[in-house]
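The values are calculated or read from the model by the stated rules, or taken from the named source; none is laboratory data. Quick caveat: nothing in here was measured; it's all calculated off a predicted structure. Because the Cβ atoms are built from the backbone with ideal geometry, glycine has one as well, and the counts that use them run over all protein chains shown.
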Amino acid sequence: MIDTVIRQIKDQLITKGDLDITVVYADEVRNKPGELAEHLDTFTIFSTDKLVILKNCEQLLKKELEVLSAYFNAPADTQSLIVVVEKFDARLTTWKKIVAGSLRINCDPPKWGSEIRNWLMTELRRMGKTMSPKAIEEFSSRIDLDYFSAANELIKLDLLAGDRKSISEADVVASLGTTRPGTKIDFLRALGKKNPKAAIEAVELMLEADWEPLQVFFQVYSFYLSLYRINLLRKKHISDSEISAKHLTDIYFNQRKEYLDFARAYSCNALETIMDILLDTDTKLKSSTIEKNTQLNLAILAILEQQ
């Protein structure tokens, strides 16, 4: 998201004329306040405007922060400055001055699937491409809540589509089906539909993609914990629409109906047994000498036998 914001700022500045861009990393100027001052005060002779992008500013020390805050006493009309920082001490006078003299843009990671979907629509417009509704749904369900991985996968899709202006559902499945997030949703669907063959194949793909057995185990645990929650709420006569809206906010919106359907395949008694299986498997994965991949597959097969 930071890269997206920086790109939008750069594109806007470029429309006004020639632009000289300087990228400075804070660790390169640590204990070098004079070098930082030089980056901020040097005017370009080859373009009309200058953009300085100062990254990882949480690493700046006191003297560099004093230089940076002093820049805001008289910022240059022909220069723009982007200060990228993960976190800062708002109590410091230097940071107070920097923040007061800047337009603050928060680039928080996505919390919900809808934020990935909104990001996707913006990026597609920028690329001059479209996706069918089913392709958008498939992309959103197969992507982790992370803008960086989503951007990487969209680049692959753009290359796969080539000159075509529209990215199809088949493109998404072909491109993302073997990725970590893509395999994960296929794995959860195999569990929900009680398909042992597909579930074991998905586990093997995830392990081949450098997932640790405990990481896969956590996905299984989280999945069945969600199904257990759904069925317990149903026992209290809470409607599916209310469960979806209020109690499944940690799950992609377009996956919630699937989870509600998956929960119907398991009784509460079966889910209690599954939790016992998972507890036993957790202990074995952390302490047993038995090969962990085998232990994981045995647990999944035992789980899928529950009704």
- Query: Looking at (1) hydrophobic (A, V, I, L, M, F, W, C); (2) exposed (fewer than 13 other Cβ atoms within 10 Å of the Cβ); (3) touching a helix residue (DSSP H, G or I) at 6+ places or on another chain (Cβ under 7 Å), can you tell me which one Ile116 breaks?
  - Reply: (2)
- Item | Whichever residue in segment 157-186 is loosely packed, with under 15 Cβ neighbours inside 10 Å and within 24 Å of Pro110 (Cα to Cα) and, among such residues, is modelled with the highest pLDDT | Gly177
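Residues to consider are Val172, Val216, Val203; find the one that is closer than 16 Å to Glu138 by Cα, touching a Leu at 6+ places or on another chain (Cβ under 9 Å) and not aromatic (Phe, Trp, Tyr). Walk me through it before giving the result.
Numbers: Val216 fails: closer than 16 Å to Glu138 by Cα; Val203 fails: closer than 16 Å to Glu138 by Cα.
Of the residues listed, the single one that is closer than 16 Å to Glu138 by Cα, touching a Leu at 6+ places or on another chain (Cβ under 9 Å) and not aromatic (Phe, Trp, Tyr) is Val172.
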- Query: Which of the residues belonging to segment 92-119 are over 18 Å from Lys184 (Cβ atoms), in a helix (DSSP H, G or I) and of a type in the set (A, V, I, L, M, F, W, C)?
  - Reply: Trp95, Ile98, Val99, Ala100, Trp119
- Note on the structure: Among (1) more than 16 Å from the chain's Cα centre (by Cα); (2) surrounded by 12 or more Cβ atoms within 10 Å (Cβ to Cβ); (3) farther than 18 Å from Asn152 by Cα, Leu124 falls short only on (3)
- Message: Here is a list: Leu124, Leu159, Leu145, Leu154. Which entry is hydrophobic (A, V, I, L, M, F, W, C) and touching a strand residue (DSSP E or B) at 6+ places or on another chain (Cβ under 7 Å)?
- Response: Leu124
- Scanning segment 77-108 residue by residue, the ones that are farther than 17 Å from Asn56 by Cα, within 27 Å of the chain's Cα centre (by Cα) and surrounded by 10 or more Cβ atoms within 10 Å (Cβ to Cβ) total 0
- State which residue pairs qualify: first residue over 30 Å from Lys16 (Cα atoms) and inside segment 51-64, second residue of a type in the set (Gly, Ala, Ser) in any location, beta carbons under 7 Å apart, and separation of 6 or more residues or different chains. Gln59/Ala26; Leu60/Ala26
- Matching helices (runs of 4 or more DSSP H) fully within segment 149-236 where at least 2 residues are closer than 28 Å to Leu298 by Cα, more than 21 Å from the chain's Cα centre (by Cα) and not aliphatic (A, V, I, L, M): 196-208, 213-235
- Exactly one condition in (1) β-branched (Val, Ile, Thr); (2) out of contact with any Pro (no Cβ under 6 Å at 6 or more places or on another chain); (3) at pLDDT 90 or above is not met by Val67; state its number. (2)
- Single residue of segment 237-270 satisfying the filter (without any contact (Cβ under 8 Å) to a residue 40 or more places away in the chain, more than 22 Å from the chain's Cα centre (by Cα) and part of a loop (DSSP other than H, G, I, E, B)) that is nearest to Lys292 (Cα to Cα): Arg264
- Message: Which of the numbered conditions does Ile136 fail, given that it passes all the others? Conditions: (1) out of contact with any Pro (no Cβ under 6 Å at 6 or more places or on another chain); (2) not assigned by TED's automatic domain parsing to the domain that holds Val172.
- Response: (2)
- Query: Filter segment 25-63 for residues that are buried (at least 17 other Cβ atoms within 10 Å of the Cβ) and in a strand (DSSP E or B); which is farthest from the chain's Cα centre (by Cα)?
  - Reply: Asp49
- Message: Given (1) modelled with pLDDT under 90; (2) assigned to a helix (DSSP H, G or I), identify the lone condition not met by Ile290.
- Response: (2)
- Only residues that are touching a helix residue (DSSP H, G or I) at 6+ places or on another chain (Cβ under 6 Å) and among the hydrophobic types (A, V, I, L, M, F, W, C): list them for segment 1-37, please. Met1, Leu19, Val24, Ala26, Val29, Leu36, Ala37
- Residues of segment 11-24 classified as part of a strand (DSSP E or B) and more than 18 Å from Pro75 (Cβ to Cβ), total: 1
